[in-house]
Amino acid sequence: VTAGLWADLRGLLGEDALRDPVASPQYLHDATDWQGLRGRADAVVAPASTEEVARLVEWCYARQVAIVPRGGGTGLSGGAVPIDGGLVCSLERLNQVLSFEPELWRLNLQAGVTTDRVHQLARNSGLMFPPDPGAAAQSHIGGNIACNAGGPRGFKYGATRGYVTGLTAVIGGGRIITVGGPTRKDVAGYDICSLMVGSEGTLGVMTEAWLRLIPAPQCTVHVVGCYADVAAGVEAVLRVPGSGLVPATLEYFEGLCVEASRGAFPLSLPPHTRFLVVAEVDGSTAGAAALSTEVVEALEPGAIFAERVEGPGLASSLTRWRSGVSGAVSSIRGGKVSEDIAVPLDRLGEAILMTRAVGVEFGLPSCSWGHAGDGNLHATFMMDKEDRVDVARAGEAAQELFARALALGGSVSGEHGLGWIKQDQFQRQFGPGEVAIMTAIKAVFDPDGLFNPGKKLPDRRGADQSMAAPSPTVVADPARGIGQ
Ligand SMILES: Cc1cc2nc3c(=O)[nH]c(=O)nc-3n(C[C@H](O)[C@H](O)[C@H](O)COP(=O)(O)OP(=O)(O)OC[C@H]3O[C@@H](n4cnc5c(N)ncnc54)[C@H](O)[C@@H]3O)c2cc1C
């Protein structure tokens, strides 16, 4: 950090807002750190109010300095990584709950409040904020909104977008805009609030939000189904929505993923299990019990085992097991590449088999798991991270995977976003017409292209710089793999 820049920023926001990127390298990476992605920032700044963010953005616009918004840094696509200098704008000091009215099921808060705190506040008042991305203790609500974070409960409750009724954000030049608010219905204008959800820090810095909460279910019960192969497992999964049943979660795990994690599964799995379904059913005590019986009935045909499971501490053991699945798969060969593709639900079986086929074609063991009910796979290729040939093959396999996911009518990303890691997929998924509209939208919010340049969509500032190789400050090591 140069003395002049430091003095300028101190004058603008005060000493408390400044973080030295050299002394605090955690601001230079996110959860893709284990993939080796690290950036370089000229400064890290933590404003304490919307007005301070506005002053900072105005300052950046006057000097043509890039701004990288940062929440909890748990993103899995490098979105919060400052790829090539500029300022990291950390929202950590905007961590106040502005109003909480449980009887009206609504919460107004600053963007830097953690997801866990939102869950806790809601729970303590008999309410629920349904989105449940895995790293809730660190992630910010602003980061969840910027990524439209989902999670297992997305099957019944949808992702973050469904729970945001209003946003305050600072856009290009330092203008503060407020879209939506506590009103639950509003169709007076374009739905800018929804547009900003999932924008991955490319349209501005979100500083405040209004969230819609819902009454918490009285109880949750678990159902487990075990199958000998993908065909039987997928048929069972599809029978759940096909029978009009809506469990809160409908997750699957298959092949090597089951093998790698079966030792830690809280119940003993039948030996021939190759495809595992775990569902959470919630509701009133009587309602959840009745629904779980129906879910078991839907999962039973073709199953080796399909039962409602219960026992002391089972829910937390299942959560712990679920969090360990990614690590267990990594440990098979020491590394992996894991991509969060999504396909229409009726193509789930094809997508699972396609992932396996791509693995075979590229000579890599593969497996997948994920949010079955949403057709959202963590499609994974295992590799020896010390073996350059393996690493290169895994990269090529991922490219093939994306192409085939799109051919199935799907998406290259169901929930993690494109960020930096997958920004080269933008033009693969979208045609010229869609690219033109999205580029034009970006230009309205951010005429100088300073918010998170090179993330999500091509960087307009140079001759299509986004398609260029990572800058030398970024050490990309796909051998270390990402995913959940
Ligand atoms: C173990 C693990 C499990 C996970 N499980 C899930 C899962 O189940 N479902 C899921 O969807 N995701 C999951 N994730 C990914 C990640 O946790 C979520 O995407 C989360 O929402 C990111 O929030 P964050 O605050 O950490 O954002 P960051 O990583 O800090 O930033 C993510 C993006 O949002 C932008 N951003 C952050 N704050 C703002 C703001 N205030 N204004 C504008 N832009 C902003 C950043 O620029 C960046 O592009 C998981 C991650 C981990 C590490």
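No value in this document is a laboratory result; all are computed from the given coordinates. Being a predicted model, the structure only gives us computed values, none of them experimental. Every residue, glycine as well, gets a Cβ built from its backbone with ideal geometry; the counts of neighbours run over all protein chains shown.
Computed values, structure above
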{"item": "Alpha carbon centroid spacing (whole Å) that separates region 232-297 from region 179-231", "result": "24"}
{"item": "Mean Cβ count within 10 Å, highest first, over the residues of peptides 3-14, 34-45", "result": "34-45, 3-14"}
{"item": "Cysteines (scope the chain) whose Cβ has no counterpart Cys Cβ under 4.7 Å", "result": "CYS60, CYS89, CYS147, CYS193, CYS219, CYS226"}
{"item": "In nm, spacing of pseudo-spin labels at THR183 and ALA357 (7 Å Cα→C-beta vector)", "result": "5.0"}
{"item": "Between region 418-452 and region 105-122, the Cα center-to-center distance that results, in Å", "result": "30"}
{"item": "Tilt relative to the chain, helix 314-333 - C-alpha long axis, 0 to 90 degrees, to 10", "result": "80"}
{"item": "Where the Cα pairs of region 119-195 fall when distances are cut into 5 Å bins, in %", "result": "3, 13, 21, 23, 20, 12, 6, 1, 0"}
{"item": "Cα-based Rg and Dmax for the chain, where Dmax is the largest Cα-Cα distance (Å)", "result": "22.5, 70"}
{"item": "Likely footprinting exposure, ASP30, ASP186, ASP132, fewest C-beta neighbours within 10 Å first", "result": "ASP186, ASP132, ASP30"}
{"item": "Exposure proxy order (Cβ contacts within 10 Å, fewest to most) of MET382, MET438", "result": "MET438, MET382"}
{"item": "DSSP beta bridge pairing in the chain, given as percent antiparallel to the nearest 5", "result": "90"}
{"item": "Helix 432-445 axis, angle to the chain major axis (alpha carbon atoms, nearest 10°)", "result": "50"}
{"item": "In degrees, nearest ten, helix 115-124 long axis to first principal axis of the chain (Cα)", "result": "60"}
{"item": "Packing-based exposure ordering (other Cβ within 10 Å, fewest first) of HIS272, HIS416, HIS29, HIS378", "result": "HIS272, HIS29, HIS378, HIS416"}
{"item": "Exposure rule at most 13 other beta-carbon atoms within 10 Å, DSSP loop GluC sites (Glu not before Pro): the chain longest free segment", "result": "1-309"}
{"item": "J(HN,Hα) series, region 188-200, from Karplus relation 6.51 cos²θ - 1.76 cosθ + 1.60, nearest Hz, glycine and proline x", "result": "5, x, 5, 8, 5, 4, 5, 5, 6, 5, x, 7, 6"}
{"item": "In Hz, Karplus ³J(HN,Hα) per residue of region 365-375 (6.51, -1.76, 1.60; θ = phi - 60°; x = Gly, Pro)", "result": "x, 9, 6, 8, 7, x, 8, 4, x, 9, x"}
{"item": "Coordinate range along principal axes, alpha carbons of region 288-347, Å, largest first", "result": "42, 35, 21"}
